[in-house]
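The values are calculated or read from the model by the stated rules, or taken from the named source; none is laboratory data. These numbers come from a predicted model, not from an experiment. Neighbour counts run over all protein chains shown; Cβ positions are idealised from the backbone, glycine included.
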Amino acid sequence: MGEIIQNQRKDWKTSIFHDGGSRFVEPTNPKSGELVQIRIQYLKYAPISKIFLSLFRDGEELNFEMHPDPSFCSQMSSFFPNLEFKKVEMHSQGKELQYRFRILTEKEHFFYSTLGISRTTPPEKHCFRLIFDAPIPKWIYNSVFYQIFPDRFYNGNPNLDVKNGEIQRGKEKSVKCDWEEIPGEYGENYTSLHFYGGDLEGIRKKIPYLQELGINALYLNPIFKASTNHKYNTENYYQIDPHLGTNEEFASLVQDLHKKGIRIILDAVINHTGDTHPWFNRTGKKEKSGAYHSQTDPHYEFYHFYSDDPESYDAWKNFKLLPRLNFTSDSLKNKIYRDEDSILQFWMRPPYNIDGWRFDCANMIGKYEKIDLSSTIWQDIHYNLKNINEDSLLLGETFYDGSELISPEKLDAITNYTAFYSPLVRWLSHQDGFQAFSNGMFRNFSFSYPFSLHDMISQMQLFRGLIPFQYQLIQLNLLDGHDVPRMYSVLKKDEEMMKMAVCMLFTYPGIPLIYYGDEIGMEGINDPANRRPMVWDESKWHKSLREFYIRMIKLRKDIVEFQTGSFFIFKLLPKYEKLEIITYARLSKNRCYLVILQKSSSKDSDSKQNNVEIEIPLWQLGYESGKIIGVIEKGKEGENLSKNYSSGIFRIENSKIFPYFIGEVI
């Protein structure tokens, strides 16, 4: 025991912890004027003399000494006998609390921020933040989203199918594909005018399938009238594309989903329109009206033109199919989101009553060369839409740092590419890539470079810490989607590696999103292969993977710690670094779930050190002795196997946890 205490004293800094979870902040979502308690935890053996909360208010730093919390310590002692807690109380003032900690020992002065503990002063942007009156949708924490690309999900009404040659664009003509046909590469033999026949009726007929999985929220790719299969080139924002259904059928679908407890959000494509939209009318379908044909047209101000040449318009990534909208125009803002019958309000009101929007290209909206109206636009959108339904979800698509988009006055969440998807994929596969202009056109550059477990954890922590904990919990995490390769293909169809990734998706802070067909092992690297039709022949399903998804969905919905619990990463000994094991906990006041994930392909597992005994330092969370009750283990279905731990260490051979283990710490 003495040796354990000595080790803990030496490594005491690994036990210092605070985030916005219920153990450390009460209440976790405070109202203005409420009394707020803020706590920090550390080991009893730590040589700490004083801790101060450094509050930033009106541009100035105010330091408040924190004091022991004997009442709370007494409550927690039966669970965490080796932990101490200090707290400070203050009334909520203004819009938020922005703070970090100063920790003093007899010889040293440390800062503790979202970056962890350091001697160097962290930038204020890495302070902890607590938002007052945060307008977070009440239903979001328990949600599991399922993304559907409508043309590829299920054909419920063949009478709506696009006919061969029905749609024509230049030399390209529409093609009706067989459902079993795998999309080819873009070129002469495959274009965005190849259709498979999925529709709204198909989604309605498959509601029982979604319920069987445990899905309670849907995100649909664009469904408004457009000539392409992806429908990001909107022609009419007020009309459901006739090959998908009617407005009335959509209203009925939403009603059916809501009756089954399933929310629905739609894709808002307001960074650009299609070039055939009447506002632009490049092809002249509406005679000679539209911005393309006349500078005196009332919609000319809706777009950006570099010169008097009508072909000089700004387009998304220079794709002329998608002319970008100009949000300096008040008239455009009125039509998009301000007026009662504006596009975004129209679908949130009866009879449609959608539950929110996923904004395509959110990082670009309102930005054009020297113009940047993005902040005021998002505030304006938030005000207008939350006034209709304060419980609606406003989600922005971005592949970059979206922290400036996330705010109680702007968006609720983003697609969490930079803070979750990208670092996870790079760690698991060492694959990376980007788009770049080369030889006068956009090209995809892919490569394989090292990316360590430490790299992944660092990137996740860096970006996660840029937003308040309340909002970390509702960012949309994903393993793949219609713009990126399917994870199962990236992992070369390695079942155990895929399940390990799924474990992280459902246990990491944020809301999980499943791209249609991932649960049955669908494949596809690049668009359009990653958008192939959903497989409904059950004999072709990866059934054990689907069963695992169902288990993980139920686990996340049943265990509140995986929805709103604090997130603590254990610091393992350096000798385990080559084993590439990440161990973290999700915890509430008196419950803790342990997650252990190991990156190792089942195809080369024999070459790994699979009989090494791993020591998980539970003492970093104040545990002394007890047991671990297995919840999810490789190859085991709810056996609740008990594994003991003592002296603050959980010892287990990594062969018994590879590649995933989830258990409750008792």
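Per-structure values
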{"read-out": "Qualifying residue in the range 35-43 (condition: assigned by TED's automatic domain parsing to the domain that holds ARG23 and more than 32 Å from the chain's Cα centre (by Cα))", "value": "yes"}
{"read-out": "Set LEU253, LEU193: member being touching a helix residue (DSSP H, G or I) at 6+ places or on another chain (Cβ under 6 Å) and surrounded by fewer than 23 Cβ atoms within 10 Å (Cβ to Cβ)", "value": "LEU253"}
{"read-out": "Looking only at the range 550-582, and only at residues there that are more than 30 Å from ARG39 (Cα to Cα) and basic (Lys, Arg), the one that is surrounded by the most Cβ atoms within 10 Å (Cβ to Cβ)", "value": "ARG551"}
{"read-out": "Test: residue in the range 53-67 that is surrounded by 15 or more Cβ atoms within 10 Å (Cβ to Cβ), part of a strand (DSSP E or B) and small (Gly, Ala, Ser)", "value": "yes"}
{"read-out": "Output for the range 77-128, where each listed residue is in a loop (DSSP other than H, G, I, E, B) and more than 25 Å from LEU466 (Cβ to Cβ)", "value": "SER77, SER78, PHE79, PHE80, PRO81, ASN82, GLU106, LYS107, GLU108"}
{"read-out": "Residue in the range 22-34 that is assigned to a loop (DSSP other than H, G, I, E, B), at positive phi and of a type outside the set (Val, Ile, Thr) present", "value": "yes"}
{"read-out": "Enumeration of residues in the range 370-405 that are closer than 19 Å to LEU344 by Cα and either β-branched (Val, Ile, Thr) or within 17 Å of the chain's Cα centre (by Cα) (or both)", "value": "THR376, ILE377, ILE381, ILE388, SER392, LEU393, LEU394, LEU395, GLY396, GLU397, LEU405"}
{"read-out": "Subset of the range 632-650 [modelled with pLDDT of 85 or more and of a type outside the set (Phe, Trp, Tyr)]", "value": "ASN644, SER646, GLY648, ILE649"}
{"read-out": "Cross-chain or 6+ apart pairs with Cβ under 9 Å, the range 408-419 first and under 16 Å from ILE136 (Cβ atoms), then charged (D, E, K, R) and assigned to a strand (DSSP E or B)", "value": "PRO408/GLU96"}
{"read-out": "Test result for PHE463, outside the structural domain of ILE596 (by TED's automatic domain parsing) and more than 20 Å from the chain's Cα centre (by Cα)", "value": "no"}
{"read-out": "Single residue of the range 313-329 satisfying the filter (of a type in the set (Lys, Arg) and closer than 16 Å to ASN363 by Cα) that is modelled with the highest pLDDT", "value": "ARG324"}
{"read-out": "Residue within the range 530-549 that is assigned to a loop (DSSP other than H, G, I, E, B), surrounded by fewer than 16 Cβ atoms within 10 Å (Cβ to Cβ) and among the aliphatic types (A, V, I, L, M) present", "value": "no"}
{"read-out": "Counted residues, the range 332-357 - those being without any contact (Cβ under 8 Å) to a residue 60 or more places away in the chain and either within 18 Å of ASP372 (Cα to Cα) or outside any helix (DSSP H, G or I) (or both)", "value": "8"}
{"read-out": "Residue match in the range 309-320 (condition: under 28 Å from the mean Cα position of the chain (by Cα) and assigned to a loop (DSSP other than H, G, I, E, B))", "value": "yes"}
{"read-out": "Residue satisfying condition, being more than 30 Å from ASP391 (Cβ to Cβ), without any contact (Cβ under 8 Å) to a residue 60 or more places away in the chain and over 20 Å from the mean Cα position of the chain (by Cα), within set GLU201, GLU124, GLU188, GLU180", "value": "GLU188"}
{"read-out": "Candidates ASP480, ASP455, ASP432, filtered to the one that is of a type in the set (Asp, Glu) and under 11 Å from the mean Cα position of the chain (by Cα)", "value": "ASP480"}
